[in-house]
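The values are calculated or read from the model by the stated rules, or taken from the named source; none is laboratory data. If you're wondering where the values come from, they're calculated on a predicted model, not measured in any experiment. Here Cβ is always computed from backbone atoms with ideal geometry, including for glycine, and neighbour counts include all displayed protein chains. Just the protein is used for accessible areas: all its heavy atoms, side chains included, with ligands, DNA and RNA removed. Shrake-Rupley method; radii C 1.70, N 1.55, O 1.52, S 1.80 Å.
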Amino acid sequence: MDGVTAPNVVAAVSESRLWDRLMAMARIGGFATPEGDQGVNRPCLSALDREARRLLIGWAEAAGASVSVDPAANLFLRWEGADPSLAPVLTGSHMDSQPQGGRFDGIYGVLAGLEVIEALAASGARPHRPVEVVAWTNEEGGRFAPGCTGSMSFTGFKPMSAFDGIVDADGVRYADALAQHLAEEADLARRPLGYVPHAFIEAHIEQGPRLEAEGQDVAVVTGIQGSRWFTVTVEGRTDHAGTAPLSLRKDAVQDALRAITALNVLMHDPSDVLRFTVGSVTVEPGTSNSVARRVVFTIDLRHPDEGVLRPRGDAIPGVVQAALRTCTARVHERFTAWPADFGPTVPEAVARAAAALGLKAIRLPSGAFHDAQFLAPVCPTGMIFIPCRNGVSHHPGEYAEPAQCANGARVLTEAIIKLAGRP
Ligand code: GLV
Ligand code: MN
Ligand code: MN
């Protein structure tokens, strides 16, 4: 470990402890598929989320970290610095999952952060700055869409109240779920919302195939492509499927199909960089023998270049309107994350940490969004990716090997010690 800033601290990162904790967390909301995969369904602000957080809190307190929660239910584990008045180096990710998610997306970054605290505690190291590990609320947007509401609230990208009226599939309001959650964590110390960290660094599985395919240990993440989420509501009129002549119908399914077809033309990209997904379509009343009264479909549009993302997204309402024959439509943009460029500070710290540890690293942008996207405008920010099998994620087959998880935690530890400084 030539060139490692604090070899004793990095050596205290434990592959088996990190792996055992990942597997313990995977049991909370865990399920098996008929194909033999082990998935996780842990919605944010649910009883399962709280159970996972309690497990995390127990480990953190045993390691000597102090625990607190902010009004957005972002959970913080703090390892005090030699100078507690300095802005902390912040690391972490999220603990919620997709409804049919895997065992690593999100929780890996939180447990890798805790492993940094464990390593500091085991070696008795006290960096100059405090180190804080955060579990952001609702990154995935699986229960309450959009995601990243915790980090958006923390950074002031949007006021917390902007998310109050979001409802889950059962009609539960985000504000009510948040209030119930905070009531059930009333024993935890409270902290105000937001501060400007010295730096933010998030460890995560790659969610793509490159690291594995190229035999690399980690990626130095250079930035995150932009995302825009829209909801399109097509309103028609329900009718009898056997009696109403086609010429007299206002069939919302037919007009939704025309709109999606026109959007596919708008989004055509011969370079295959643009990502356009219609991932959810709901039809009312949704029976075989009724003409559809309403169709609601979602759009997830992504591109690394704001110069493409902005005009293509802005064109969506006009293209939808022009495609309709008999119905009306409303287009609502519900999530906007512009492309983030992480700049030099944190990526250089990650690159130097990987090199000091003798690990192979490449530079990569992220196709998935992350809470780091909302920290980037506020403080020096970066991410570390570890490989994941076949690049699979948002799927129960998501997998990273114990040694790969430990490598990422060691790079995170080394980079954080560098960023936090020695007393
Ligand atoms: C985050 O999970 C994303 O959809 O990119
Ligand atoms: Mn994630
Ligand atoms: Mn995810």
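Note down the Stokes-Einstein diffusion coefficient of region 34-175 in µm²/s, whole number, using a Kirkwood radius over alpha carbon pairs, 25 °C, and 0.890 mPa s. List each step's numbers first, then the result.
Working: Rh = 15.9 Å.
Once the numbers are plugged in, D ends up at 154 µm²/s.
Return the Cα extents of the chain along principal axes one, two and three, sorted largest first, each rounded to a whole Å.
78, 48, 43
On full extension of the chain, what length is gained from residue 287 through residue 47, given 0.36 nm per residue of separation minus the C-alpha to C-alpha distance?
Details: separation 240, 0.36 × 240 = 86.40 nm, distance 3.38 nm.
Gain on extension, residue 287 to residue 47, equals 83.0 nm.
What does the charge count near residue 74 come to, summing +1 for each Lys or Arg and -1 for each Asp or Glu among other residues with Cβ under 13 Å from its Cβ? Could you put the intermediate results ahead of the total?
Numbers: positive: 53, 78, 190, 191; negative: 49, 70, 96, 132, 139, 185, 371.
Charge balance near residue 74 sits at -3.
Note the full-extension length gain between residue 87 and residue 54 as 0.36 nm times their separation in residues minus their Cα-Cα distance, in nm to one decimal. Please list the in-between numbers first.
Details: separation 33, 0.36 × 33 = 11.88 nm, distance 2.61 nm.
Full-extension gain reported as 9.3 nm.
What dipole magnitude, in Debye to the nearest 20, does region 1-138 give about its Cα centre under +1 on Lys/Arg Cβ and -1 on Asp/Glu Cβ? Could you put the intermediate results ahead of the total?
Working: 11 positive and 16 negative charges, 52 e Å.
Charge dipole, region 1-138, about its Cα centre: 240 debye, nearest 20.
How long is the gain from residue 321 to residue 32 if the chain were fully straight, where each residue apart is worth 0.36 nm and the alpha carbon distance is subtracted?
Details: separation 289, 0.36 × 289 = 104.04 nm, distance 4.34 nm.
So the extension gain works out to 99.7 nm.
Arranged from highest to lowest average of other beta-carbon atoms within 10 Å per residue, in what order do the peptides 380-390, 170-180 appear?
On the way: 380-390: 25.2, 170-180: 15.4.
Going by the mean number of other Cβ atoms within 10 Å, highest first, we get 380-390, 170-180.
If packing is taken as the average number of other Cβ atoms within 10 Å across a peptide's residues, how do 282-291, 35-44 rank, most packed first? Spell out each step's value before the answer.
Numbers: 282-291: 12.8, 35-44: 19.4.
Answer by packing, highest mean first, reads 35-44, 282-291.
With both bridge residues required to lie in the chain, what share of the DSSP beta bridges run antiparallel, to the nearest 5%?
Values: 47 of 70 bridges.
Just about 65 percent of them are antiparallel.
Evaluate the relative contact order of the chain (contact order divided by residue number), counting alpha-carbon pairs under 8 angstrom at least 6 apart; express in whole percent.
24 percent.
From Cα pairs below 8 angstrom and at least 6 apart in sequence, can you work out the relative contact order of region 231-337, rounded to a whole percent?
Values: 181 pairs, mean separation 44.5, N = 107.
Reported relative contact order: 42 percent.
Ranked highest first by the average count of other Cβ atoms within 10 Å around their residues, in what order do 132-144, 338-350, 198-210 fall? Working shown, then result.
Numbers: 132-144: 26.5, 338-350: 20.0, 198-210: 24.2.
Answer by packing, highest mean first, reads 132-144, 198-210, 338-350.
Distance from the Cα centre of region 302-377 to that of region 205-227, in angstrom?
Computed from Cα coordinates, the inter-centre distance equals 14 Å.
Computed on alpha carbon atoms, what radius of gyration and Dmax characterise region 231-337, expressed in Å?
15.1, 50
Stick to the Cα atoms of region 236-275, pair each with every other, and give me the Kirkwood hydrodynamic radius in Å at one decimal.
Numbers: mean 1/r = 0.0814 Å⁻¹.
Roughly 12.3 Å, rounded to one decimal.
Scale the Cα Rg of region 261-310 by the rule-of-thumb value 2.2 N^0.38 Å and send over the ratio, two decimals.
Values: Rg = 14.8 Å, N = 50, 2.2 N^0.38 = 9.7 Å.
The reported ratio for this selection is 1.52.
Taking the full set of protein chains and a 1.4 angstrom probe, give the accessible area of residue 418 in square angstrom, rounded to the nearest 10.
Taking all protein chains as shown, residue 418 has close to 110 Å².
How long are the three semi-axes of the equivalent ellipsoid of region 274-419, in whole Å, if each is the root of 5 times an eigenvalue of the C-alpha gyration tensor, listed from largest down?
Values: eigenvalues 340, 80, 24 Å².
Working through the eigenvalues yields semi-axes of 41, 20, 11 Å.
How charged is the neighbourhood of residue 372? Take every other residue with its Cβ under 13 Å from the Cβ of residue 372, and add Lys/Arg as +1 and Asp/Glu as -1.
Numbers: positive: none; negative: 139, 202, 341, 371.
Result for the local shell: -4.
What does the convex hull of the Cα atoms of region 363-403 come to per residue, in Å³, rounded to a whole number? All intermediate terms of the calculation are to be shown ahead of the outcome.
Working: hull volume 4.4 nm³, N = 41.
Normalising the Cα hull of region 363-403 by residue number yields 108 Å³.
Can you give the angle from 0 to 90° between the axis of helix 174-184 and the longest principal axis of the chain, with both taken from C-alpha atoms, to the nearest 10?
Result, in degrees: 30.
About the Cα centre, and with charges only on the beta carbon of Lys, Arg (+1) and Asp, Glu (-1), how big is the dipole of the chain? Nearest 20 debye, please. Present the calculation step by step, with values, prior to reporting the outcome.
On the way: 38 positive and 48 negative charges, 137 e Å.
Here the size comes out at about 660 debye.
Towards the positive end of the charge dipole of region 231-337, with charges on Cβ (+1 Lys, Arg; -1 Asp, Glu), say which of 231, 291, 268 has the farthest Cα.
291
Please determine, in degrees from 0 to 90 and to the nearest 10, the orientation of helix 345-356 with respect to the longest principal axis defined by the Cα atoms of the chain, where the helix direction is its Cα long axis.
Helix 345-356 sits at roughly 60 degrees to that axis.
7 Å from Cα along Cα→Cβ at both residue 332 and residue 66: what's the point-to-point distance in nm?
Placing both labels 7 Å beyond Cα along the Cβ direction yields 4.2 nm.
Output the 0 to 90 degree angle, nearest 10, between the alpha-carbon long axis of helix 107-123 and the longest principal axis computed from the alpha carbons of the chain.
It is inclined by approximately 10 degrees.
Using alpha carbons only, how many angstrom separate the centre of region 144-190 from the centre of region 67-137?
First find each Cα centre; the distance between them is then 20 Å.
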